[in-house]
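Accompanying notes for the structure given below.
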Amino acid sequence: MNVALLVNGLQPTDRMHALAFDDRGLQYGDGLFETALLTGGRIRFLEDHLERLEAGCNRLGIAGPERALLLKDLGVLTAGRGEGILKIIVTRGAGGRGYRPPDKAVSTRIVAVYPPVDPAAPAGTGIVVRWCETRLGRNAGLAGIKHLNRLEQVLAQGEWRDPAIAEGLMFDTEGEVVAATAGNLFVVREGMLCTPDLRYCGIRGVMRGRVLAAARSSGIPVEELPLWRNDIESATEAFVTNAVRGIRPIVGLEGTRWPVGDVTTRLATSLGLW
């Protein structure tokens, strides 16, 4: 895989510039990440990603890199590239052994650009999903941010190998529906666009935020609230959002089938995704 990479602004071409073995992101998942789409030579929703990254650093008490440094790295890696997948990782930095954060840590920043995702189907094509057995633990202190601890999603995506299944939907430990393994979930119920409120766990995705804003500006009733399995299975439309893949309509969920609905199409069109 052809990946362009910078670690703290430098290409990791020698041991001096490689990730330190005691980096807390490697040792404890002590950090955050963002994944964005590079399209037409521009990073889609870049400001949204940077704002969420900064908010996550503030939540975890990480002295993150200056935005100017990140923008410089991004400029270096995206120069002359039209399409790709961008990933930013910020860790607390090197910190020795033990969980306690060091008093003075210098954060590590990693920026990478991957080749563009190979689309499995044209935009707007419906996907089939399944329920996952792996559940998300509740922790309001970490809810919403995109921290590096993603073992629950790793286990969930390891539950199936069927290429016909594009995603899995996850509950929390109390049985509330939270999200897809790699995206946020929306359903339409009685004309209302609904999405889990993520008060205990889950990521407040960049595309999720854009969809909520588009719905409100378009006059589509929308609500963030607790959702349960029956709320999903009794919906009239459902879709998954992701910063890279945009909006993907759900057309099948085990025994439930949906059309690609009008609300889904309207939102995807208004955001320029289809």
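Laboratory data are not the source of any read-out in this text; all were calculated from the coordinates shown. Note that the coordinates shown come from a computational prediction; the quantities given were computed from them, not determined experimentally. Cβ: placed from backbone, ideal geometry, glycine included. Neighbour counts: every protein chain shown.
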Whole-Å distance, taken between Cα centres, linking the range 42-75 and the range 77-115: 10
Who wins for biggest fluctuation among Gly61, Gly252, Gly205 in a Gaussian network model of the chain, springs between alpha carbons below 10 Å? Gly61
With N residues in the chain, Rg(alpha-carbon) / (2.2 N^0.38 Å) equals 1.03
If you restrict to DSSP beta bridges whose two residues both lie in the range 127-270, what percentage is antiparallel, to the nearest 5? 60
Column: log10 I(q)/I(0), Debye, Cα scatterers of the range 39-87, q = 0.15, 0.22, 0.24, 0.29 Å⁻¹: -0.44, -0.83, -0.94, -1.16
State, to one decimal in nm, how far the label point of Arg189 lies from the label point of Arg81, with both points 7 Å from Cα in the Cβ direction. 4.1
Rounded tilt (10° steps) of 67-78 against the dominant C-alpha axis of the chain: 80
Computed over the range 206-258, the ratio Rg/Rh where both radii use C-alpha atoms and Rh is Kirkwood: 0.98
Excluding Leu6 itself, calculate the net charge of residues whose Cβ lies under 12 Å from the Cβ of Leu6, where each Lys or Arg counts +1 and each Asp or Glu counts -1. +2
What FRET efficiency would be calculated for the residue pair Lys72, Arg229, taking the C-beta separation as r and a Förster radius of 51 Å, to the nearest 0.05? 0.65
Please give the contour-minus-distance gain from Asn2 to Ala63: 0.36 nm per residue of separation, less the Cα-Cα distance, rounded to one decimal in nm. 18.9 nm
